[in-house]
1. How far is helix 370-396 tilted, in degrees, relative to the longest principal axis of the Cα atoms in the chain, given as a value from 0 to 90 rounded to the nearest 10?
2. Normalised by the empirical 2.2 N^0.38 Å for globular proteins, what value does the Cα Rg of the stretch 97-230 take?
3. Ignoring everything except DSSP H segments at least 4 long, calculate the 222 nm mean residue ellipticity for the chain; use -39,500 (n - 2.57) per segment, divide by total residues, nearest 500.
4. What's the FRET efficiency of residue 17 with residue 356 using the Cβ-Cβ distance as r and R₀ = 41 Å, to the nearest 0.05?
5. Determine, from the Cβ-Cβ distance of residue 324 and residue 47 and an R0 of 45 Å, the FRET efficiency 1/(1 + (r/R0)^6), rounded to the nearest 0.05.
6. Just need the relative contact order of the chain here, percent rounded to a whole number, with Cα pairs under 8 Å and 6+ apart.
7. Ranked highest first by average number of other Cβ atoms within 10 Å, how do 170-180, 129-139 line up?
8. Could you give the length gained by full extension between residue 374 and residue 234, i.e. 0.36 nm per residue of separation minus their alpha carbon distance, to one decimal place?
């Protein structure tokens, strides 16, 4: 019997028991939909994380001061003041694989404008900060090297601060008070959105590092909390790290065998770690979702066994008029595959729709790839073959005479 005729007979048998066929397909539909939705959301989350980390800047290296210790107890990175603005200048001048460097001094506090106030972070940086972070100005201008040297009370604000303090009014040339110190706004940054760890990158004020150190931190004028470095390309990050390590060890007069009094972290490492975690979680969730596919497959096998029992006389009659065992095997195998295949198609549609709904109402990107769709469909067909084979084999092994006499 031809494959087309076998398919026609299989469809006719399934249509004859519509409710049972739909209930049988339900397990496959739910399983495929769950796998598609989970993988789509997981892949979308990975893409979002990568985009958010890349929004931090191009090929960034973050250099932190070393760890303070007492009595053998280490207090963690950043607890010592070992980095200076001169370190930033040396890295820029001596490292071939660095295109921009900015020292950073961090502070925070209440910001006031007229009758409005807002609590935010204040970052003291150099004019090269925009290049390091790959950030642009929406309006106004950025401060200059001369304003850094003069510790001028000027600043540039992020989109969130601008919205909270000024709403639709232009902030440029306005004066705000940070910890009761007046700072003149000379520019507004383009909106960047959230970073990989959830913080709002636009909820910030950028000022000359010397001004933040002198007027807000009131600390050592010659130390900084962090150095931000932009490598020339992603391929030169490791070379840049090696050169920076050598330069800083030499400047800090660290002898051979002495631990570094600084630490270097690059965004590529962060991206790999977070992406690996997201991928692992997506795989685990997909595996859990796939369990319902196995349940659906068992449902197909049970229903096909019932179908074989109900149609025993039909099988015997077909064998009596010349049908071979392999024809019977193929017929029931095709029925199982059709059940799984139709269930897979509906599962893909429902899973993709669910992922789109999640994206629309939760502002979460999804990525329904053609590869995952094809794999899901092939997997559903494989479930049909695997769980449909035993009932089909059992039907093909029936004795025609006994099958005809079956009541």
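Taken together, the values in this text are just the output of simple stated rules run on the coordinates, not laboratory data. Every value quoted in this text rests on a predicted model; they were computed, and no experiment measured them. Heads up, the Cβs are rebuilt from the backbone with ideal geometry, glycines too, and the neighbour counts pull from every protein chain shown.
1. The answer is roughly 20 degrees.
2. On the way: Rg = 13.8 Å, N = 134, 2.2 N^0.38 = 14.1 Å.
In units of the globular-protein estimate, the stretch 97-230 measures up at 0.97.
3. On the way: 12 runs with 217 residues, N = 407.
Roughly -18000 deg cm²/dmol at 222 nm, from the helical runs in the chain.
4. Values: r = 33 Å, r/R0 = 0.80.
Calculated value: 0.80.
5. On the way: r = 52 Å, r/R0 = 1.17.
It comes out at approximately 0.30.
6. On the way: 753 pairs, mean separation 117.2, N = 407.
Across the chain, relative contact order equals 29 percent.
7. On the way: 170-180: 16.0, 129-139: 17.5.
Going by the mean number of other Cβ atoms within 10 Å, highest first, we get 129-139, 170-180.
8. Numbers: separation 140, 0.36 × 140 = 50.40 nm, distance 3.33 nm.
Taking 0.36 nm per residue and subtracting the Cα distance, the gain is 47.1 nm.
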